[in-house]
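Following: one structure in structure tokens, then a few remarks.
The values are calculated or read from the model by the stated rules, or taken from the named source; none is laboratory data. No experiment lies behind these values; they were computed from the predicted model shown. All Cβ positions, glycine included, derive from the backbone under ideal geometry; neighbour counts span all protein chains shown. Quick note on the areas: whole protein, heavy atoms, side chains included, nothing else; ligands and nucleic acids left out. Shrake-Rupley method; radii C 1.70, N 1.55, O 1.52, S 1.80 Å.
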Amino acid sequence: MQVFSNSAISLDGKLGPVNYDHMRLGTAEDLRRMSWLRSRADAVLVGGRTWRAWSLPLIEDPLVVRQPRSTPMINAVLTRSGAGARSGRFYAHPHTRPVFLAGPDAELEGLPPGTPIHRALHEPTVAWAVGILGAHYGVRNLLVEGGGALIAQLLEADLLHELNVTLCPLVLGGQGGPTLADGAGFDPSSLPRLELLSHDVVGQEIYLRYRVLPRAPGSGATG
Ligand SMILES: NC(=O)c1ccc[n+]([C@@H]2O[C@H](COP(=O)([O-])OP(=O)(O)OC[C@H]3O[C@@H](n4cnc5c(N)ncnc54)[C@H](OP(=O)(O)O)[C@@H]3O)[C@@H](O)[C@H]2O)c1
């Protein structure tokens, strides 16, 4: 499976404000590019906090990508708690299919009938989540839209192949807000390394596309 991420970050590397509310950082051009990236994917995966901040269907804008999908876009949420909306547009889009990938203690009562829930026996790993999406839904191209907790775990597990970043001309500041890769941080002796594939300057934004290089065998991160 090909796993790629897309994030908009401020110049100080943040995904959003310190209160973790949803904040749009990019321009209309950034949204257009997001639609193209979504159109490459069979599924979008987000962490629970990202989903709660923006509980809307994750799919390309048909005004940007006119090619219709042959199968619904899986909208997968990875959660330990299960907290979040039980109704609303997230569940009602004709071309998306919500799926929950949950820890053993997640409380997911009240979801619309028929919403798939996959429960891990222990603390879920991103490898387990990616494996479920491949095995149960035939996902071959997985777009990860964050947040930083999820991206850090994918980098640590060597499961992220491509990282797309829109660098926005903003400084959010503050301590404790979400960044591109959170968690405990990586061991300095085995940091994830990336290769720049393309850079594109449009207006005031820079669109960066990186290939994530395979970790050296035996290298471990603590993130
Ligand atoms: N600028 C951008 O492009 C962009 C993109 C995405 C997000 N954001 C922003 O980033 C912020 C969220 O960042 P974040 O790093 O906190 O987000 P996150 O990775 O979406 O959320 C962390 C949450 O994901 C779930 N999770 C993570 N790892 C898990 C695991 N191994 N097993 C089970 N559940 C797991 C948990 O959800 P539960 O709490 O449900 O248990 C955890 O609290 C929000 O402000 C959002 O708006 C911005």
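Some points to look at:
- Accessible surface of the chain, 1.4 Å probe, proportion on carbon and sulfur as whole %: 55
- Relative contact order of region 2-212, taken over Cα pairs closer than 8 Å and 6 or more residues apart, is 30 percent.
- DSSP bridge analysis restricted to region 2-212 gives an antiparallel fraction near 35%, rounded to the nearest 5.
- Over the residues of the chain, the helix contribution to mean residue ellipticity at 222 nm works out to -5000 deg cm²/dmol, using -39500 (n - 2.57) for each DSSP H run of at least 4.
- Residue-count net charge about Leu180 - beta-carbon cut-off 13 Å; Lys, Arg +1, Asp, Glu -1: -2
- Sparse-neighbour loop sites [GluC sites (Glu not before Pro); region 52-138; at most 11 other C-beta within 10 Å; DSSP]: Glu107, Glu109
- Gain on full stretching of the segment that runs from Gln175 to Leu11 - 0.36 nm per residue minus C-alpha separation: 57.6 nm
- Once the Cβ-Cβ distance of Ala127 and Asp21 is raised to the sixth power relative to R0 = 25 Å, the FRET efficiency obtained is 0.25.
- Using alpha carbons only, the radius of gyration of the chain set against its Kirkwood radius gives Rg/Rh = 0.94.
- Rolling a 1.4 angstrom probe over the protein heavy atoms with all chains in place gives region 2-212 an accessible area of 50 Å² per residue.
- For region 80-176, the alpha carbon positions stretch 43, 29, 29 Å along the principal axes, listed from largest to smallest.
- Accessible heavy-atom area order of Thr166, Thr125, highest first, probe of 1.4 Å: Thr125, Thr166
- Residue-level accessible surface for Ser87, protein heavy atoms, 1.4 Å, Å²: 90
- Stretch gain in nm, segment Val201-Thr71, where the contour uses 0.36 nm per residue and the Cα spacing is subtracted: 43.5 nm
- Over region 1-87, the hull volume per residue, using the convex hull of the C-alpha atoms, is 131 Å³.
- Restriction of the trypsin sites (Lys or Arg not before Pro) in region 71-105 to DSSP coil positions whose beta-carbon has at most 14 other beta-carbons within 10 angstrom yields Arg86.
- Among Pro94, Pro113, Pro124: highest mean-square fluctuation, GNM of the chain, C-alpha pairs under 10 Å: Pro113
- Accessible heavy-atom area order of Met73, Met23, highest first, probe of 1.4 Å: Met23, Met73
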